[in-house]
Protein chains: 2
Amino acid sequence: MDAVPTPADAAADAASTALLTDRYELTMLQAALRSGAARRRSVFEVFTRRLPEGRRYGVVAGTGRVLDAVEAFRFTAPQLDWLSDQQIVDDSTLAWLADYRFGGDIRGYGEGECYFPGSPVMVVEGSFAEAVILETVILSILNYDSAIAAAASRMSAAAGGRPLIEMGARRAHEQAAVSASRAAYVAGFAATSDLQAGFRYGIPTAGTSAHAFTLLHDSERDAFTAQIESMGRGTTLLIDTYDLGEAVRTAIEVAGTELGAVRIDSGDLLMLAHRVRRQLDELGAEKTRITVTSDLDEYAIAALGTAPVDGYGVGTSLVTGSGQPTCAMVYKLVARSTSDDPDSPLIPVEKRSAGAKSSRGGRKWSARRLDADGVAEAEVVGTGTVPPELADRQLQIPLVLAGRTVGREPLADARARHLRSREQLPMSATQLSKGDPVIPTEYPTG
Amino acid sequence: MDAVPTPADAAADAASTALLTDRYELTMLQAALRSGAARRRSVFEVFTRRLPEGRRYGVVAGTGRVLDAVEAFRFTAPQLDWLSDQQIVDDSTLAWLADYRFGGDIRGYGEGECYFPGSPVMVVEGSFAEAVILETVILSILNYDSAIAAAASRMSAAAGGRPLIEMGARRAHEQAAVSASRAAYVAGFAATSDLQAGFRYGIPTAGTSAHAFTLLHDSERDAFTAQIESMGRGTTLLIDTYDLGEAVRTAIEVAGTELGAVRIDSGDLLMLAHRVRRQLDELGAEKTRITVTSDLDEYAIAALGTAPVDGYGVGTSLVTGSGQPTCAMVYKLVARSTSDDPDSPLIPVEKRSAGAKSSRGGRKWSARRLDADGVAEAEVVGTGTVPPELADRQLQIPLVLAGRTVGREPLADARARHLRSREQLPMSATQLSKGDPVIPTEYPTG
């Protein structure tokens, strides 16, 4: 292998997800290749033992990104050289990695679907070797994106029909922020401030202006004038740099009553929204909208429900999952073939030692049972045959078959699925107060 | 809409940081280019108004990544085409962006340095145009990396001299995880499980094995044998899949008393560590080390201080900042030239409307004042001339001069700086209980 990386190598490294992997995946692989057990057909299941405290439902997000990551899970020459130099795995393992491409099956919940404790949100099936090494990157994506989507879903429910703009990039890792925009869009946000999220995923982008822009100019009037001249009267002026009442007067003097919107970014938003609305109306700017930002979370959004507010910008609490910045999804071996012959029958396996970390063996199906009114009443998770009455309520869909991606879909479909899924839950699902999962998970026996 | 990224897109994304930017940066730029104010010399300061609740110090991390990001802040043709198609900015702004490369100065706290409320941890100076558009990516990096480093520093202090392994990749965005490993290493962690962090930054990597590996085999003995045959006796065996006592016996039978280590990943770690230590000693494996993992945070690590534990693996709580997944760093215009002539004098500017969000105008220096014993007693932040007695205690170092990066350093230097900086704080800095910042921030007048 060539030790000097070429531009093509650099591009390949950037595109490869293969090292977004814990070291032990590769050393387990090496040991299993040597013992022969690497050939055993294996079923790994992604699930969570519990929802974050007080949350009533979870939201699967990141599925589409998992499909990209699995396709890009190829080891480049510089990566293999590095693994060799570091003596992380031996030569025969390196040779195996050099040819790696996932050839198994992945099924899972459609992106945007709600989930509950025990829901088998993704199932990866293949040889132990090909499936075990995907653990870290799959969990990274699902745990982060689903945490953001869960928070976004609560916020979008709290906002009623008012639009939410995701603007948290500055409070999250720069790449995580892009994925956060995507997850928020799946869970009901209307737009993002993050240009990369617009560029990469086609999410609508939006923005206003910052205090720096006002401070840059000799007066607020100069700043507003500059913005209107450049962006037109439909723009959003930021009105809380100096005095709010004066800013509103200046804004309408400069822009006229056709001004698109004003943004309030500090202070008692509930009171200020009322005051600014009244002032705008008195000035004849009845159609000028009010956008509020400033440390909003789902509770603050709900509290502003009766305020004359037309849209919300949400930053920190969105990109940090509103107190729950990750999910507790795990990737567990639940079944494997009985011998190194991959055609031998599958048997369920499970960890037995510690109660809280035990798992249920066996490859699972799941379905959401509805009551007579079409409202969800249970998450049913089982092994074996699906009862006929649940056959058309199954939640897993094919994502990858024999290594071929079959589950790719437009982001709009995930967004629509989330809304459908949430609307089918009991209404208390979107209560913001702490509670138990809004439907129980049932494990039918026999 | 819904475009699927290709490997080439991913490579282009990785090469450019220019769209890791909020839309409003570019629209403010357009308006300022049009009004002429874009030429005004501007000083932007990164600081935080407060530490996360109860924290006694912060840790600057990500500085080196900021330098990379600023160098990579170039707009590619596909990005410019997209900005044009989306009508985000006009043609003259696009032309300006096409030629963009930062030509100003950046000073800041050395990576690893501790910081306090008001510390000017980074100062970006240039034309308004060239400096304003770096806001989002600089804050993303510093806010995330510093949050992780702050948590990691508390954990490394709590661990005393025992080594900490970062193993949280699966609980964080896959790229954030790599940066988290880096930040943890700066703040005292010994190694990471994340191969990409090893590959990209040269951080030592480490790993053990997972329950899946044991469950894959027909017996725990088979699994241990396979691991020992592949990895040698120095490896770490995971002993809590079935029965701990049996597993320890089997481990020593298979590996002999030269077994490197065992890992306990569930249960009452304090009790189990004592029990396993005793059993290992009775079996003659007195040098076999014990590593514990399982939802550890700084409190759990401190509680295990008297346990016979040789190392800690930390996951979720590290990558989520142990309850504080972001910092509240902001990027504020604090001074600008008085007119569109960039050579006109700088004047301080500050937002005035809302108390909690107000800022102090003026370009600032800062220094850490020590007492007679060499212990830090205040963070001194001022404008104007640095008092001579503080001249050699200044905290900002040059990072970029006239667009040229001058502040790059090996990661080991940041790691050493953090240790030095933390050791200079009053000892109560590393108390884990909630408290005020361990030293006050002083703003001398006149």
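Just so it is clear, none of the values below were taken in a lab; they were calculated from the coordinates. In this text the structure is predicted, and so the values were computed from the model without any measurement. FYI the Cβ positions are ideal-geometry reconstructions off the backbone, even for glycines, and counts take in every protein chain you see.
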> Could you give the semi-axes, largest first, of the ellipsoid that matches the protein assembly as shown, computed as the square roots of 5 times the alpha carbon gyration tensor eigenvalues and rounded to whole Å?
Replying inline: 46, 33, 25
> Using Cα-only point scatterers and the Debye equation, what is log10 of I(q)/I(0) for the stretch B:254-314 at each q in 0.19, 0.22, 0.25, 0.26 Å⁻¹, rounded to two decimals?
Replying inline: -0.64, -0.82, -1.02, -1.08
>> Give me, ordered by chain and number, the residues 5 or more places off residue A:55 or on other chains with an amide H under 5 Å from its own placed amide H.
In response: A:435
> Peptide A:188-200: average number of partner chain Cβ atoms within 10 Å per residue?
Replying inline: 5
>> Spelling out what I want: for every residue of the stretch B:331-346, take phi, set θ = phi - 60°, compute 6.51 cos²θ - 1.76 cosθ + 1.60 (Karplus), and round to whole Hz; glycine and proline get x.
In response: 10, 10, 6, 10, 7, 8, 6, 6, 8, 5, 6, x, 8, 5, x, 7
> What number comes out for the charge environment of residue B:299, summing +1 per Lys or Arg and -1 per Asp or Glu over other residues with Cβ under 13 Å away?
Replying inline: -1
> Across peptide B:128-137, what mean number of C-beta atoms from other chains lies inside 10 Å of a residue's C-beta?
Replying inline: 3
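Give me the net charge of residue B:393's neighbourhood, meaning all other residues with Cβ under 15 Å from the Cβ of residue B:393; Lys, Arg count +1, Asp, Glu -1.
Neighbourhood net charge equals -3.
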> Considering only the other residues whose Cβ falls under 9 Å of the Cβ of residue A:350, what net charge follows from Lys and Arg at +1 and Asp and Glu at -1?
Replying inline: +4
>> Can you give me the long-range amide H partners of residue B:127? Hydrogens built in the peptide plane at 1.01 Å from N, cutoff under 5 Å, separation of 5 or more residues or another chain.
In response: B:42
> What residues qualify as long-range amide H neighbours of residue B:396, i.e. H under 5 Å apart, gap of 5 or more or another chain, H built at 1.01 Å from N?
Replying inline: B:366
> Once you sort the root eigenvalues of the Cα gyration tensor of the stretch A:1-133 as a ≥ b ≥ c, which label holds: rounded (a/c under 1.5), prolate (a/b larger than b/c) or oblate (the other case)?
Replying inline: prolate
> Once phi is turned into θ = phi - 60°, what whole-Hz ³J(HN,Hα) does the Karplus curve with 6.51, -1.76 and 1.60 give for every residue of the stretch B:382-395, x standing for Gly and Pro?
Replying inline: x, 10, x, 7, 6, x, x, 5, 9, 4, 8, 10, 5, 9
> How large is the helix-only mean residue ellipticity at 222 nm for chain B, computed as the sum of -39500 (n - 2.57) over DSSP H runs with n ≥ 4, divided by its residue count, in deg cm²/dmol to the nearest 500?
Replying inline: -11000 deg cm²/dmol
>> Charges at C-beta only: +1 for Lys and Arg, -1 for Asp and Glu. How large is the resulting dipole of chain B about its Cα centre, in Debye rounded to 20?
In response: 1300
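Please label the shape of the stretch B:160-322 as rounded, prolate or oblate, based on the square roots a ≥ b ≥ c of the eigenvalues of the alpha-carbon gyration tensor (a/c under 1.5 means rounded; beyond that, a/b larger than b/c means prolate, else oblate).
prolate
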> Of all DSSP beta bridges in the protein assembly as shown, what percent run antiparallel (nearest 5)?
Replying inline: 70
> If the cut-off is a Cα-Cα distance under 27 Å, which lysines reach residue B:351, setting aside same-chain residues fewer than 8 apart in sequence?
Replying inline: B:332, B:364
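Counting only GluC sites (Glu not before Pro) that sit in a DSSP loop (anything but H, G, I, E, B) with at most 10 other Cβ atoms within 10 Å, what is the longest stretch of chain A containing none of them?
A:54-285
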> Counting partner chain Cβ atoms within 10 Å of every residue's Cβ in B:320-326, what's the average?
Replying inline: 5
> Tell me, what ³J(HN,Hα) does each residue in the stretch B:62-72 have, in order and in whole Hz, if you take phi through Karplus 6.51 cos²θ - 1.76 cosθ + 1.60 with θ = phi - 60° and put x for Gly and Pro?
Replying inline: x, 3, x, 5, 4, 4, 4, 5, 5, 5, 8
>> Please report the antiparallel percentage of the DSSP beta bridges confined to chain B, to the nearest 5.
In response: 70
>> Let me check the size of the stretch B:364-428 from its C-alpha atoms; what are the radius of gyration and Dmax in Å?
In response: 13.8, 41
